[in-house]
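These notes are about the structure you will find just below.
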Amino acid sequence: MTDTNLSIAKNQVVSIHYTLTDSQNEVIDTSEGNEPLVYLHGAGGIIPGLEFELEGKKIGEKFKVTIPPEKAYGPRAEGLVQEVPKVQFPNPDQLEVGMSFQTDTDQGPMVFTITEVQGLSVTVDGNHPLAGEALTFDVTVQDIRTATDEELQHGHVHGPGGHHHG
Ligand code: ZN
């Protein structure tokens with residue numbers, strides 16, 4: 001049963017349809033035609049700027065918001081762009097622009113994407129692909145329900161659209 005008086009607050013399970021566009025108005029991602037995105041509000045499962053905008057909204061509400069990089073995937077850090085010798089990769093002859101690799105760093109696992117291959121070296125970028133981007137979200141709130149105790153303990157949503165434990 002859906003309680004239509006619920007508004008989005010911490011520990012609610014929220015379903016949204018969204019379309020994400022970048023500053024060039026290119027669609028980066030959308031849930032249209034798919035299942036809505038389901039997340040646990042207040043658990044940091046979505047970017048902070050969007051979670052902030054959703055606070056207090058009710059089922060059926062629609063809004064459009066542009067979120068600056070600081071409240072999305074952060075600013076770009078040029079220090080995360082590095083030139084690396086090809087021989088440091090397990091497959092130096094098969095490196096191509098756009099490939100990504102996970103490596104362990106002092107700050108934990110990080111994903112690097114190859115942005116250039118030249119001679120004996122490659123340029124890798126450890127920034128999130130959307131770092132430095134202002135992101136515009138077109139959002140419709142589809143559903144709100146109270147999280148179960150188990151979901152709160154786990155910090156994520158169970159059931160349709162959520163996490164499944166096998
Ligand atoms: Zn779980």
How do Val157, Val87 rank when sorted from fewest to most other Cβ atoms within 10 Å of their own Cβ? Val87, Val157
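Whole-Å semi-axes of region 95-162's equivalent ellipsoid, largest first, each the root of 5 times a Cα gyration tensor eigenvalue?
Each semi-axis is the square root of five times an eigenvalue, giving 37, 18, 11 Å.
I need the shape label for the chain. Rule: rounded when a/c is under 1.5, else prolate if a/b > b/c, else oblate, with a, b, c from the alpha carbon gyration tensor. Don't skip to the answer; put the middle values down first.
Values: a/c = 2.65, a/b = 1.96, b/c = 1.35.
Prolate, because a/c is 1.5 or more and a/b exceeds b/c.
Relative contact order (percent) for region 35-143, with alpha-carbon contacts under 8 angstrom and 6 or more residues of separation? Working shown, then result.
Numbers: 160 pairs, mean separation 39.6, N = 109.
So the answer I get is 36 percent.
As a check on your grasp of the helix formula, calculate [θ] at 222 nm for the chain: sum -39500 (n - 2.57) over DSSP H runs of n ≥ 4, divide by the residue count, round to the nearest 500. Write out the running numbers ahead of the final one.
Values: 2 runs with 13 residues, N = 166.
Value at 222 nm, helices only: -2000 deg cm²/dmol.
Under 8 Å for C-alpha pairs, at least 6 residues apart: give me the relative contact order for region 106-152, rounded to a whole percent. Show your work: numbers first, answer last.
Numbers: 22 pairs, mean separation 10.8, N = 47.
Across region 106-152, relative contact order equals 23 percent.
Taken together, the values in this text are just the output of simple stated rules run on the coordinates, not laboratory data. Just so we're clear, the structure is a prediction, and the values are computed from it rather than from any experiment. Cβ atoms come from the backbone with ideal geometry, glycine included; neighbour counts cover every protein chain shown.
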